[in-house]
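The values are calculated or read from the model by the stated rules, or taken from the named source; none is laboratory data. From a predicted model like this one, the values you see are computed outputs, not experimental measurements. We place every Cβ from the backbone using ideal geometry, glycine too, and count neighbours over all the protein chains shown.
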Amino acid sequence: MARTVSISRRLTLLLTGGIVLLWMLAATLSFIVMREEMDEVFDSALEETAQWLLPLAAETLRELPQPPGPSAQDDEDDDKYLTFQLRSRDGAVLLRSRDAPQEPYTEIVAPGFAQTARHRVYTAESGAYFIQVAEPLTHRHEAVMESTGALLLPLAGLVPISIFLILWSVRGGLAPMRRLQSAIGARGGGNLQPIAETDWPEEIGGTVQAVNRLLQRLRSALEAERVFAATSAHELRTPVATALAQTQRLLAELETGPSRARGRRIEATLHRLGALVEKLLHLSRAEAGVGLSETENDLIPVLRLVIEELAMEPEMARRLSLNIADGVSLQARVDIDAFSIVVRNLIENALAYGDPDTPVEIVVPDDRSVRVLNACPPVPPEILARLTQRFVRGGQIKNGTDGSGLGLAIVETILQQTGGTLELFSPVPGQSDGFEARVTFSAN
């Protein structure tokens with residue numbers, strides 16, 4: 001099964017990633033621009049400082065009795081922002097600031113900017129002197145990096161905030177899609193009403209119209225199918241009953257022999273055809289939406305009546321066992337005829353597939369449910385999961401007739417209309433074999 005991908009998650013990741021990428025790109029461009037601008041500012045400061053210092057340094061040198069030599073207090077500290085050296089025409093260092101190195105900044109003295117491995121140097125000329133003002137390259141690097149870091153630092157807080165805001169916005173924007181999904185999910189064989197085409201965003205309006213056209217086609221097809229099934233079943237009931245009666249009368253007149261045996265087979269076939277017609281009528285009524293009642297009804301008397309009708313046949317009477325818990329009153333908003341169809345199909349299904357020598361148990365506990373249990377080998381899980389589908393049978397018929405595979409589908413259809421549930425178990429919980437159909441009605 002293909003892994004589903006959340007649109008909200010995908011949009012959140014794409015938008016957040018886009019914001020981060022754009023921010024990084026902006027920071028990179030800002031880094032390049034800032035480095036160029038800072039170089040211009042720092043170079044301008046170097047040039048201006050050199051112009052101011054040159055006359056002062058030359059005047060100081062002339063006033064000294066002799067050129068100062070290296071002292072023990074001299075040091076070389078690259079952390080100082082600006083340092084200078086006053087040099088002669090031959091390149092000798094005549095005067096330097098306290099933190100300037102003893103060695104010349106550059107081997108060749110020429111006016112203008114120069115760069116060494118450690119300094120950015122500007123050289124100015126005045127008469128017999130040159131002054132070189134130097135700035136450590138680490139200062140420029142630190143300034144640019146700190147400025148860039150100030151641009152990147154907000155990302156630490158921006159990313160989680162962006163994820164939250166984008167996710168909130170995307171989910172809000174996709175809310176109509178979830179409403180449409182719920183509206184479509186609520187449609188089924190019992191509800192094919194069109195979806196209201198108002199109050200939908202423009203992007204979804206076309207989808208709603210397409211879904212409504214599809215629902216209209218489905219409604220027409222299902223209605224035609226229901227009318228055909230109901231009409232066919234109704235029209236077949238009388239001819240089948242007539243043919244069965246004539247066959248039984250003919251059997252009474254025939255003597256034992258091959259003709260009588262063939263007549264018995266014809267009678268069995270007509271019984272199966274009559275049962276199928278009856279199931280089709282039940283199905284058409286179930287799909288017509290007869291399950292839900294406007295008022296609550298007591299379903300226990302209906303259950304007793306159905307069992308009494310089935311027990312009118314002596315063969316069936318000995319196989320039915322009814323067990324109702326003391327004081328139980330099963331009240332539910334379920335149509336009486338619909339409930340009789342439900343329990344009749346469940347009991348007939350149990351009689352058809354259950355062990356003929358073991359009674360079918362109909363149990364009504366105090367949890368708003370009706371349980372129908374029969375003895376049989378366990379039904380495989382893959383078949384058990386499909387038993388509520390039409391024309392799916394779960395085992396071998398025990399009473400000599402063919403099942404239609406419609407009984408549990410009819411029960412499921414009616415219960416969906418009433419808010420009830422049908423649960424199938426095989427083997428029966430707590431046992432090693434058997435089959436249980438459990439119908440539970442919701443509390444109103």
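Before moving on, here are some points about what is shown:
- Just one of (1) surrounded by fewer than 18 Cβ atoms within 10 Å (Cβ to Cβ); (2) modelled with pLDDT of 85 or more; (3) polar (S, T, N, Q) fails for Ser126. It is (2).
- Selection status of Gly394, in the same structural domain as Glu296 (by TED's automatic domain parsing), part of a loop (DSSP other than H, G, I, E, B) and modelled with pLDDT of 90 or more: no
- Check on Leu320, more than 41 Å from the chain's Cα centre (by Cα) and either in the same structural domain as Leu422 (by TED's automatic domain parsing) or of a type in the set (Ser, Thr, Tyr) (or both): yes
- For segment 424-444, filtered to residues that are touching a strand residue (DSSP E or B) at 6+ places or on another chain (Cβ under 9 Å), assigned to a loop (DSSP other than H, G, I, E, B) and hydroxyl-bearing (Ser, Thr, Tyr), the residue that is farthest from Arg333 (Cα to Cα) is Ser426.
- Here Leu86 passes the criteria (1) at positive phi; (2) surrounded by 16 or more Cβ atoms within 10 Å (Cβ to Cβ) except the one numbered (1).
- With respect to the conditions (1) modelled with pLDDT under 90; (2) assigned to a strand (DSSP E or B), Gly405 lacks only one, and its number is (2).
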